[in-house]
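Just below is one structure, and these are the notes that go with it.
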Amino acid sequence: MTPDVSVVVINWNGRDYLHACLESLVRQESVDFEVIVVDNGSRDGSQEMVQSEFVSRPGFKIQLIANEANRGFCAANNQGFAAARGRFIAILNNDTEVVPGFLAALRRVFDRAPDIGMAAAKVMVYEDPRRIDKVGHLIYPDGQNRGRGTGEIDRGQYDSMEECLWPDGCAAMYRAEMLKQIGGFDEDLFIFGDDAELGLRGRIAGWRCLYVPDAVVRHHRGGAMKTGSTGRIYLIERNRVLLAVKLFPLSLLLLNPFYFAARLLAGTFAAVGERGELIRFPGIRNKLRLAWTIIRANLAALPMIPRTLRKRHQLRSIKRLTPGEIRRLIMDNRIPVRSLVEQSN
């Protein structure tokens, strides 16, 4: 029997995280689903654990795709999408644990309208369940993006279902029909910013996204790569350039350097007040290392721009929003620069 939902979980040397994530999926009810684990060449016994503890569990439909090397988040998810049989495809980070009823809550929202292509979960910080990790996403006009509500104490301010920009890639559900139309993750990004690019591409193609407060997941922040690491910042900074080049309307793309400079200036002022990303890099030497990382990331994006521009041209066939509508969508879901620089990547 074909499952209604396929759940794709990417893993790379996260055996303990993965075990807890799969155990939380075992407890899901009221939805027919399968699980596809794509392992990116782990050497910590992750693959053996999946085979020995989950593949043989009665009633739990799971398959393991074992890559020989780390192909990255984007390529591995696309492998999972290709193997998925469900009409709806959920993705979960291996460092998440979902509450009972999570999949059913996400699945139900797609029955509301045929143009709903994405559903966003209520993601809470695992280490502090009162604190919000993200409830959908916001974007800054230089291509950087952040989770909506990140760092806030949950006081019920996000307890209503509502439209949001796109879901966070650590816990989301997509209509398979949408993915078939617009394509999967952009593999040039490898990891980070990938959910933003896919989500904005979906919105430009005319699909909507709903935030679902009943779909709660607890997330170990930085399980894939620690927050504040220069490797993480490098990929985030490089990929925000590629996202803007690929998807932003020309009127906003031309202003990108100015928004980028404003963000860097605001980040510097935040650091003076002991706030924001820079405080993770104490001392002059570490701050210079961070600055060089940002410079390298922007330089690394330059040779990738011609290929990205070709992708931009290819997207004309799926566009449903005008350049003006895309600009309004971005600006209406804009994160203030102060909030952006005071949150950590």
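Does VAL35 satisfy the condition of being farther than 15 Å from PHE185 by Cβ, crowded, with 21+ Cβ neighbours inside 10 Å and of a type outside the set (Gly, Ala, Ser)? It would help to see each step written out before you state the result.
Values: farther than 15 Å from PHE185 by Cβ: yes; crowded, with 21+ Cβ neighbours inside 10 Å: yes; of a type outside the set (Gly, Ala, Ser): yes.
Considered against the rule, which asks whether it is farther than 15 Å from PHE185 by Cβ, crowded, with 21+ Cβ neighbours inside 10 Å and of a type outside the set (Gly, Ala, Ser), VAL35 comes out as yes.
Go through (1) outside any strand (DSSP E or B); (2) surrounded by fewer than 19 Cβ atoms within 10 Å (Cβ to Cβ); (3) among the aliphatic types (A, V, I, L, M) for ALA66 and report which single condition fails.
(1)
Going residue by residue through segment 90-99, is there one that turns out to be over 25 Å from ARG201 (Cβ atoms) and surrounded by fewer than 19 Cβ atoms within 10 Å (Cβ to Cβ)?
Yes; the residues of segment 90-99 include at least one that is over 25 Å from ARG201 (Cβ atoms) and surrounded by fewer than 19 Cβ atoms within 10 Å (Cβ to Cβ).
Scan segment 70-78 and give yes if some residue there is in contact with a strand residue (DSSP E or B) (Cβ under 7 Å, 6 or more places away or on another chain), among the charged types (D, E, K, R) and buried (at least 23 other Cβ atoms within 10 Å of the Cβ), otherwise no.
Of all residues in segment 70-78, those in contact with a strand residue (DSSP E or B) (Cβ under 7 Å, 6 or more places away or on another chain) come to 70-71, 73, 76-77.
In the following step, the residues that additionally are among the charged types (D, E, K, R) were identified as 71.
Still in the list and also buried (at least 23 other Cβ atoms within 10 Å of the Cβ): none.
No: zero hits.
Closer than 23 Å to ALA266 by Cβ, modelled with pLDDT under 95 and part of a helix (DSSP H, G or I): is that true of ARG338 in this structure? Lay out the reasoning, then the answer.
Values: closer than 23 Å to ALA266 by Cβ: yes; modelled with pLDDT under 95: yes; part of a helix (DSSP H, G or I): yes.
So ARG338 fits the description; yes.
Restricting segment 94-138 to residues that are over 20 Å from SER30 (Cα atoms), among the aliphatic types (A, V, I, L, M) and assigned to a loop (DSSP other than H, G, I, E, B), which is nearest to the chain's Cα centre (by Cα)?
VAL135
Among residues belonging to segment 276-317 that are surrounded by 13 or more Cβ atoms within 10 Å (Cβ to Cβ) and outside any helix (DSSP H, G or I), point out the one that is modelled with the highest pLDDT.
PHE281
If I filter segment 63-71 for residues that are of a type in the set (Gly, Ala, Ser) and within 24 Å of GLY117 (Cα to Cα), do I get at least one hit?
The answer is no, given that none of the residues of segment 63-71 is of a type in the set (Gly, Ala, Ser) and within 24 Å of GLY117 (Cα to Cα).
Scan segment 318-327 residue by residue and report those that are in contact with a helix residue (DSSP H, G or I) (Cβ under 9 Å, 6 or more places away or on another chain), farther than 11 Å from LEU247 by Cα and in a loop (DSSP other than H, G, I, E, B).
The answer is ILE318, ARG320, LEU321.
Would you check if GLU177 is assigned to a helix (DSSP H, G or I), more than 24 Å from VAL35 (Cβ to Cβ), touching a Lys or Arg at 6+ places or on another chain (Cβ under 8 Å) and touching a residue at least 40 places away in the same chain (Cβ under 8 Å)? Step through it out loud before you land on a result.
Values: assigned to a helix (DSSP H, G or I): yes; more than 24 Å from VAL35 (Cβ to Cβ): no; touching a Lys or Arg at 6+ places or on another chain (Cβ under 8 Å): yes; touching a residue at least 40 places away in the same chain (Cβ under 8 Å): yes.
No: the conditions fail for GLU177.
Looking at SER229, SER160, can you tell me which residue is surrounded by fewer than 16 Cβ atoms within 10 Å (Cβ to Cβ) and modelled with pLDDT of 95 or more?
Testing whether each residue is surrounded by fewer than 16 Cβ atoms within 10 Å (Cβ to Cβ) and modelled with pLDDT of 95 or more leaves just SER160.
Looking only at segment 100-146, count every residue that is within 30 Å of ALA244 (Cα to Cα), in contact (Cβ under 8 Å) with a residue 60 or more places away in the chain and crowded, with 17+ Cβ neighbours inside 10 Å and tell me the total.
26
The values are calculated or read from the model by the stated rules, or taken from the named source; none is laboratory data. Computed from a predicted structure; not experimentally measured. No Cβ is skipped: glycine too gets one built from the backbone with ideal geometry, and neighbour counts run over all protein chains shown.
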